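Undergrad: One structure follows; several queries about it will come next.
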Amino acid sequence: MEKLNYTFAAGAPAAGRAVTGVVSSGDLEVLLEPGDNGSTTVAVQTSVDGYGHNWTALLERVLGPGTLPAARIEINDNGATPGVVRMRIEQAFEEQGRADNGDRENRA
Amino acid sequence: MTDIDKLLRRDSFIERNARSRARALLDPGSMRELAGPFERLHSPWLARQQLVTQADDGVVVAKGTLDGAPTVVLAIEGGFQGGSMGEIGGAKIAGALHLAARDNRRGIATQAVILFETGGVRLQEANLGLAAIAEIQAAIVDLRRYRPVIGVSAGTVGCYGGMSIAAGLCSYLVLTREARLGLNGPQVIEQEAGVNEFDARQRALIWGLTGGAQRVATGLADACVEDDTPEVRATVARLFAQGLPAQNRSDRAVEYLAALAGIDTGAQAAPEDVRTTYTQGAA
């Protein structure tokens with residue numbers, strides 16, 4: 001298991017919380033909470049060691065532009081592929097603050 | 001409607017994760033999660049063993065109403081560590097059941113649904129997991145005196161180990177054809193007793209003996225439903241409306257033991273033989 005931490009520039013704080021995914025084989029859990037204005041932090045724990053550069057590249061691509069709302073993100077990963085990781089993060093941003101938050105989460 | 005249309009339109013219960021299952025059983029907008037993922041109740045034991053933890057420890061405690069009646073849904077996430085019961089997840093279920101029983105003693109008729117998707121105790125947490133399962137069992141027996149405790153196992157993990165005993169203690173048990181219910185899993189039996197005793201590669205044998213349809217036919221479960229969310233919900237609602245069963249299944253232990261004592265263990269039991277054993281034993 002490896003733990004990684006990141007900080008990115010961001011917009012205004014996210015509207016609310018969201019949780020997407022589960023820590024099952026090839027999947028991950030993303031917890032998103034409103035962050036401090038202008039800054040997003042990401043704390044990753046992953047079951048697969050030695051892929052720090054992949055995490056950096058992926059998170060840089062999604063959060064690097066700094067246009068998404070500011071959030072505190074916790075990722076618990078059980079060997080998800082980069083594509084799955086990106087979808088779960090984007091799903092969390094989509095669902096944050098929505099009243100029916102997660103009603104159809106992970107249906108497929 | 002063609003079969004393909006039906007398949008595409010079906011609202012699968014199995015494909016939902018634990019949180020989504022809980023929400024689907026409760027009245028829309030009524031669900032409130034207790035001890036949820038943002039409380040960050042990670043298992044302290046998995047992390048020490050270099051395993052990735054989940055923020056809710058694989059158990060969702062959802063409070064709300066079902067057809068207007070106060071209901072708590074305890075949903076086990078089968079995808080996380082095989083739905084295994086550790087110290088925290090187990091304590092969440094036992095604690096919620098204890099609170100529901102206390103509600104009843106104070107005049108609030110709270111009922112409970114447990115969504116079993118579990119291999120039983122989490123081996124990494126050993127005795128703490130076993131103790132938690134014992135607490136869950138005691139809490140089910142406490143609560144079922146007031147309002148039904150309904151167990152549902154949809155699959156695909158099924159319900160095994162100590163949690164299969166917990167399922168047996170429920171007032172009612174609902175299974176799908178995909179679900180399996182048993183004390184020991186097929187591979188455990190094969191490993192311990194040999195391939196002649198049980199061939200864990202024979203899927204027809206596994207589902208024939210421990211699958212949802214067989215368990216309902218033998219009277220060890222009450223309803224076999226399609227993998228369809230509205231049907232699961234309607235079945236649970238119907239069983240709650242029936243109220244407490246005239247007799248709990250666990251009160252018939254002596255009958256069951258007598259029926260099992262008559263089995264010839266020299267031959268591999270076929271599913272039909274098991275049905276005969278149980279239906280005669282129950283007569």
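Just so you know, all these numbers are worked out from the coordinates, no wet-lab data involved. Owing to the predicted nature of the structure, the values given are computational and were not obtained by experimental measurement. Note: ideal-geometry Cβ built from the backbone for every residue, glycine included; neighbour counts use all protein chains shown.
Undergrad: Could you work out, for the protein assembly as shown, what percent of all Cα-Cα pairs fall into each 20 Å distance bin, beginning at 0 Å and stopping at the bin that holds the largest distance?
TA: The percentages, shortest bin first, are 27, 54, 18, 1.
Undergrad: Which percent, nearest 5, of DSSP beta bridges in the protein assembly as shown are antiparallel?
TA: Of the beta bridges lying entirely in the protein assembly as shown, close to 55 percent run antiparallel.
Undergrad: Here is a further query. What number does region A:2-95 give for Rg over Rh if you use C-alpha atoms and the Kirkwood radius?
TA: 0.94
Undergrad: Which whole DSSP H helices in chain B pass both tests: a Cα extent of 18 Å or more along the axis and a mean Kyte-Doolittle value no lower than -1.0?
TA: B:87-105, B:126-143, B:229-242
Undergrad: Order by neighbour count: B:98, B:42, A:53, fewest other Cβ atoms within 10 Å first, most last.
TA: The most exposed by this proxy come first: A:53, B:98, B:42.
Undergrad: Let me ask another. Rounded to the nearest 5, what % of DSSP beta bridges with both residues in region A:2-95 are antiparallel?
TA: Rounded to the nearest five, the antiparallel share is 70 percent.
Undergrad: Where Rh denotes the Kirkwood radius from the mean inverse Cα pair distance, what is Rg over Rh for region B:1-96?
TA: Expressed as Rg/Rh, it is 1.07.
Undergrad: Something else now. May I ask for the longest run of chain B untouched by trypsin sites (Lys or Arg not before Pro) that are loop-located per DSSP and have at most 13 neighbouring C-beta atoms (other than their own) within 10 Å?
TA: In short, B:202-283.
Undergrad: With a Cα-only, solvent-free Debye model of region B:201-244, what are the log10 I(q)/I(0) values at q = 0.19 Å⁻¹?
TA: -0.68
Undergrad: Which of rounded, prolate or oblate describes region B:133-246 when judged by the alpha-carbon gyration tensor and an a/c cut-off of 1.5?
TA: Oblate, because a/c is 1.5 or more while a/b does not exceed b/c.
Undergrad: In whole angstrom, note down how far apart the Cα centers of region A:10-29 and region B:11-39 are.
TA: Centre-to-centre distance over Cα atoms comes out at 16 Å.
Undergrad: Eigenvalues of the Cα gyration tensor times 5, then square-rooted: what semi-axes does that give for chain B, in whole angstrom, largest first?
TA: Here the semi-axes work out to 28, 23, 20 Å.
Undergrad: Can you sort B:149, A:44 from fewest to most other Cβ atoms within 10 Å of each residue's own Cβ?
TA: Taking fewest neighbouring Cβ atoms as first place, the list is A:44, B:149.
Undergrad: Find, among the GluC sites (Glu not before Pro) in region B:189-269, those assigned to loop by DSSP (not H, G, I, E, B) with at most 13 other beta-carbon atoms within 10 angstrom.
TA: B:197
Undergrad: What does the charge count around residue B:55 come to, taking other residues whose C-beta lies under 13 Å from its C-beta (Lys +1, Arg +1, Asp -1, Glu -1)?
TA: Result for the local shell: -4.
Undergrad: Further question on the same structure: To check you understand DSSP bridge types, tell me what percent of the beta bridges within chain B (both residues inside) are antiparallel, rounded to 5.
TA: Of the beta bridges lying entirely in chain B, close to 40 percent run antiparallel.
Undergrad: Follow-up question, since we're still on this one. Picking from B:28, B:70, B:230, which is most flexible by a Gaussian network model of chain B using Cα springs under 10 Å?
TA: Result for chain B, Cα springs under 10 Å: B:28 fluctuates most.
Undergrad: Another one. Please rank B:153, B:250, B:84, fewest neighbouring Cβ atoms within 10 Å first, as an exposure proxy.
TA: B:250, B:84, B:153
Undergrad: Another question, then. Please label the shape of region B:192-280 as rounded, prolate or oblate, based on the square roots a ≥ b ≥ c of the eigenvalues of the alpha-carbon gyration tensor (a/c under 1.5 means rounded; beyond that, a/b larger than b/c means prolate, else oblate).
TA: The shape class here is oblate.
Undergrad: Which of the aspartates and glutamates could be linked to residue B:92 by a straight reach, that is with a Cα gap under 20 Å, when you skip same-chain ones fewer than 8 residues away?
TA: Hits, sequence-local ones excluded: A:29, B:33, B:39, B:56, B:57, B:77, B:103, B:117, B:125, B:135, B:142.
Undergrad: Now for a separate question. Return the single residue from B:68, B:129, B:86 with maximal mean-square fluctuation; model: Gaussian network over chain B, springs between Cα atoms under 10 Å.
TA: Ranking B:68, B:129, B:86 by mean-square fluctuation puts B:68 first.
Undergrad: Further, regarding this structure: For residue B:6, go through the aspartates and glutamates and keep the ones whose alpha-carbon is under 16 Å away, minus same-chain ones fewer than eight residues off.
TA: By straight Cα distance, residue B:6 reaches B:15, B:226, B:227, B:228, B:231.
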